[in-house]
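Undergrad: Sharing a structure below in structure tokens format, with a few things to ask.
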Amino acid sequence: MDILEDLKWRGAINQETDEEGLRELLNEKKISLYCGTDPTGDSLHIGHLIPFIMLKRFEMAGHHPYILVGGGTGSIGDPSGRKTERQLQTKEQVEHNVHALTEQVTRLFGGSGHVTFVNNFDWLSQFNLLDFLRDYGKEFNVNTMIRKDVVASRLENGISFTEFTYQILQSIDFLTLYRDHDVQLQIGGSDQWGNITAGIDLIHKKEGQDAKVFGLTIPLMLKADGTKFGKTAGGAVWLDPKKTSPYEFYQFWLNQDDRDVVKYLKYFTFLSHDEIDALAEKVQTQPEKREAQRALAREVTTFVHGEEAMHEAEKISEILFSGDIKELTAEQVEQVFGKMPSVEVSREKQNLVIWLVDNGIEPSRRQAREDVKNGAIRVNGERIQDLDYELDPTAAFDGKYVVIRRGKKKYFLAKVK
């Protein structure tokens, strides 16, 4: 099975400019291809994983990926997927984000020497206005540009000339990479189709209709319930471990619906067809074991954060499932509970009932006494039923935290001052 057939099996192809032409080229030689990302923030989220995983698949098949971080286009703003203008970032913000994203994607590709990083600021910043208008602006028909979905969707609310020119800048990227590095394929999200085809048109105008260049987009990812993939109640799922801890990241994948898990195994993992088919069978015959979800969580967490972080996330999950949280380290407590509402508490020892009320965990002493007597209160994983129990906030987790569980699922984190 060739790589295009594999990508089709995985449901990873939305549109192609010329499937047979691309297949013929891939059969002739190993090609260079690219995917770009603008530095709108200092971390990618899981929605960005799909095109980068596709690049990784091409790399594993012997092709040469180029990853473009848009230091130039990022200072302008991509209009796609938005109803209003983007807030322009400062030069310092863009530079910081470029550095952060480059480090992040480098980790995804394991420092592979088969991947080349480029920044379009290096060439876009060299144009003056007259050169830009004469050499490139003249090649673009405004009537054609406004029919592109990315622009057409903005016409009702209005679009600035700055964002309107984005497709010209991205087209210049493809042309530059084609000329300088023989890059012949651009990959992007479904919202980038208009920009990709504009780039191909520019190359054909500048280099001739015989230039072999192609475009390929990935589908918009939706969950089985029709909602957008990648969002949680807490917001986006980030690749930066400071924004989304490896434990939270692992849990996101572990908690996927049975209706979605096989699709995600195909999209996001490098498991073979046979391995995924076997897991799909388990979803049908033994869904309660959630083996497919565990495989998905292991594979994607390892790809993004490494094997050590994946094993730690698994260990934390096992500890929490057993309820024996005293086995957690202070760092693991921060991973698990760090983003939940917390209170700051003093280091002084105090009667548990009074402590629970004083720190807002219980509404009244009467309720606190009732919960303690009924065994509903656990302190650092230990059930406490003694109304005279004296709580020492520094007794566990390096003296930094107290974890209270009330009932079966409600946790409270107290940070010791």
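The values are calculated or read from the model by the stated rules, or taken from the named source; none is laboratory data. Not measured: the values here are computed from a predicted model. Positions of Cβ are generated from backbone atoms using ideal geometry, with glycine treated the same way; all protein chains shown enter the neighbour counts. Ligands, DNA and RNA are excluded from the accessible area calculation, which covers all protein heavy atoms including side chains. Shrake-Rupley method; radii C 1.70, N 1.55, O 1.52, S 1.80 Å.
Undergrad: Do you know which residues across the range 334-368 are in contact with a strand residue (DSSP E or B) (Cβ under 6 Å, 6 or more places away or on another chain), open to solvent by less than 30 Å² (accessible area, probe 1.4 Å) and at pLDDT below 90?
TA: The one that is in contact with a strand residue (DSSP E or B) (Cβ under 6 Å, 6 or more places away or on another chain), open to solvent by less than 30 Å² (accessible area, probe 1.4 Å) and at pLDDT below 90: Phe337.
Undergrad: Sticking with this one: Go over the candidates Ala297, Ala280, Ala292 one by one and state the one that is more than 18 Å from the chain's Cα centre (by Cα), assigned to a helix (DSSP H, G or I) and surrounded by 21 or more Cβ atoms within 10 Å (Cβ to Cβ).
TA: Values: Ala297 fails: more than 18 Å from the chain's Cα centre (by Cα); Ala280 fails: surrounded by 21 or more Cβ atoms within 10 Å (Cβ to Cβ).
None of the other options fit; the residue is Ala292.
Undergrad: Write out, first by first residue and then by second, each pair whose Cβ atoms fall under 6 Å of each other, whose residues are 6+ apart or on separate chains, and whose first residue, in the range 403-415, is crowded, with 16+ Cβ neighbours inside 10 Å while the second is in a loop (DSSP other than H, G, I, E, B).
TA: Val403/Asn380; Ile404/Ile361; Arg406/Ala376; Phe412/Ile361; Leu413/Met340
Undergrad: Here's something else I'd like to know. Out of all the residues in the range 165-191, which are part of a helix (DSSP H, G or I) and open to solvent by 30 Å² or more (accessible area, probe 1.4 Å)? Don't jump to the end; show me each part of the working.
TA: Within the range 165-191, the first condition is being part of a helix (DSSP H, G or I), and the residues that meet it are 166-181, 190-191.
Once the filter is applied, which keeps residues that are part of a helix (DSSP H, G or I) and open to solvent by 30 Å² or more (accessible area, probe 1.4 Å), the range 165-191 yields Tyr178, Arg179, Asp180, His181, Ser190, Asp191.
Undergrad: Identify, from the list Asp173, Asp182, the residue that is closer than 22 Å to Asn119 by Cβ and more than 28 Å from the chain's Cα centre (by Cα).
TA: Details: Asp173 fails: more than 28 Å from the chain's Cα centre (by Cα).
Residue meeting the stated conditions: Asp182.
Undergrad: Then there is this: Give the number of residues within the range 121-152 that are in contact (Cβ under 8 Å) with a residue 60 or more places away in the chain and polar (S, T, N, Q).
TA: Total meeting the criteria: 0.
Undergrad: Count, please, the residues in the range 115-164 that happen to be outside any helix (DSSP H, G or I) and of a type in the set (Phe, Trp, Tyr). Before you say what the answer is, go through the steps one by one.
TA: Within the range 115-164, the first condition is being outside any helix (DSSP H, G or I), and the residues that meet it are 115-120, 125-128, 136, 140-141, 148, 153-160.
Checking the rest, the ones that are also of a type in the set (Phe, Trp, Tyr) come to 117, 127, 136, 140.
Within the range 115-164, residues that are outside any helix (DSSP H, G or I) and of a type in the set (Phe, Trp, Tyr) number 4.
Undergrad: Does the range 143-158 hold any residues that are surrounded by fewer than 16 Cβ atoms within 10 Å (Cβ to Cβ) and of a type outside the set (D, E, K, R), and which are they? If you could, list the steps in order and put the result at the bottom.
TA: Of all residues in the range 143-158, those surrounded by fewer than 16 Cβ atoms within 10 Å (Cβ to Cβ) come to 143-144, 146-147, 149, 152, 155-158.
Asn143, Thr144, Ile146, Ala152, Leu155, Asn157, Gly158 - these are the residues of the range 143-158 that are surrounded by fewer than 16 Cβ atoms within 10 Å (Cβ to Cβ) and of a type outside the set (D, E, K, R).
Undergrad: Look at the range 111-142 and say how many of its residues are at pLDDT 90 or above and open to solvent by 90 Å² or more (accessible area, probe 1.4 Å).
TA: Qualifying residue count, the range 111-142: 7.
Undergrad: Let me ask something else about it. Scanning for something small (Gly, Ala, Ser), assigned to a helix (DSSP H, G or I), within 24 Å of the chain's Cα centre (by Cα) and modelled with pLDDT under 95, does the range 91-110 turn up at least one residue? Show your work before the answer.
TA: Going through the range 91-110, the residues small (Gly, Ala, Ser) turn out to be 100, 110.
Now narrow it down to the ones that are assigned to a helix (DSSP H, G or I): 100.
From what is left, the residues that are within 24 Å of the chain's Cα centre (by Cα) are 100.
Add one more test, that the residue is modelled with pLDDT under 95, and what stays is 100.
Checked against the condition, which is being small (Gly, Ala, Ser), assigned to a helix (DSSP H, G or I), within 24 Å of the chain's Cα centre (by Cα) and modelled with pLDDT under 95, the range 91-110 yields at least one hit.
Undergrad: Can you tell me how many residues in the range 300-328 are part of a loop (DSSP other than H, G, I, E, B) and closer than 19 Å to Ala396 by Cβ?
TA: Kept after step one, since they are part of a loop (DSSP other than H, G, I, E, B), are these residues of the range 300-328: 306, 323-324, 328.
From what is left, the residues that are closer than 19 Å to Ala396 by Cβ are 323-324, 328.
So the count comes out to 3.
Undergrad: Just checking, how many residues over the range 379-417 are part of a strand (DSSP E or B) and more than 34 Å from the chain's Cα centre (by Cα)?
TA: Of the range 379-417, the ones part of a strand (DSSP E or B) are 379, 382-383, 390-391, 401-406, 410-416.
Of the ones still in play, those that are also more than 34 Å from the chain's Cα centre (by Cα) are 379, 382-383, 390-391.
Looking only at that region, the number is 5.
Undergrad: Just name the residue that is surrounded by the most Cβ atoms within 10 Å (Cβ to Cβ) out of those in the range 261-277 that are of a type outside the set (Ser, Thr, Tyr) and part of a loop (DSSP other than H, G, I, E, B).
TA: Taking the range 261-277 first, the residues of a type outside the set (Ser, Thr, Tyr) are 261-263, 265-266, 268, 270-271, 273-277.
If we keep only those that are part of a loop (DSSP other than H, G, I, E, B) as well, we get 270-271.
Details: Phe270: 12, Leu271: 16.
Per the criteria, the residue is Leu271.
Undergrad: Quick check on my filter: what residues within the range 1-59 are assigned to a helix (DSSP H, G or I), in contact (Cβ under 8 Å) with a residue 12 or more places away in the chain and loosely packed, with under 14 Cβ neighbours inside 10 Å? Walk me through how you get there before you give the answer.
TA: Step one: list which residues in the range 1-59 are assigned to a helix (DSSP H, G or I), which gives 3-9, 19-28, 46-59.
Subset that is in contact (Cβ under 8 Å) with a residue 12 or more places away in the chain: 3-4, 6-7, 9, 19, 21-23, 25-27, 46-59.
Trp9, Gly21, Asn27, listed by residue number.
Undergrad: Check Gln251 against each of (1) at pLDDT 95 or above; (2) part of a helix (DSSP H, G or I); (3) open to solvent by less than 60 Å² (accessible area, probe 1.4 Å) and name the one condition it does not meet.
TA: (1)
Undergrad: Right, something else. Can you say whether Thr217 is out of contact with any Cys (no Cβ under 8 Å at 6 or more places or on another chain) and either within 20 Å of Glu20 (Cβ to Cβ) or part of a helix (DSSP H, G or I) (or both), as far as the supplied structure shows? Spell out the reasoning first.
TA: Numbers: out of contact with any Cys (no Cβ under 8 Å at 6 or more places or on another chain): yes; either within 20 Å of Glu20 (Cβ to Cβ) or part of a helix (DSSP H, G or I) (or both): yes.
Considered against the rule, which asks whether it is out of contact with any Cys (no Cβ under 8 Å at 6 or more places or on another chain) and either within 20 Å of Glu20 (Cβ to Cβ) or part of a helix (DSSP H, G or I) (or both), Thr217 comes out as yes.
Undergrad: Right, here's the next one. Quick one: would you say Asp258 is under 15 Å from the mean Cα position of the chain (by Cα) and surrounded by fewer than 20 Cβ atoms within 10 Å (Cβ to Cβ)?
TA: Numbers: under 15 Å from the mean Cα position of the chain (by Cα): no; surrounded by fewer than 20 Cβ atoms within 10 Å (Cβ to Cβ): yes.
No.
Undergrad: Additional query: Of all the residues that make up the range 197-214, how many are free of Cβ contacts under 8 Å to residues at least 40 places away in the same chain, of a type in the set (D, E, K, R) and part of a loop (DSSP other than H, G, I, E, B)?
TA: Here the count works out to 1.
Undergrad: Any idea which of (1) farther than 17 Å from Val336 by Cα; (2) loosely packed, with under 14 Cβ neighbours inside 10 Å is the one Asp398 doesn't satisfy?
TA: Unmet condition: (1).
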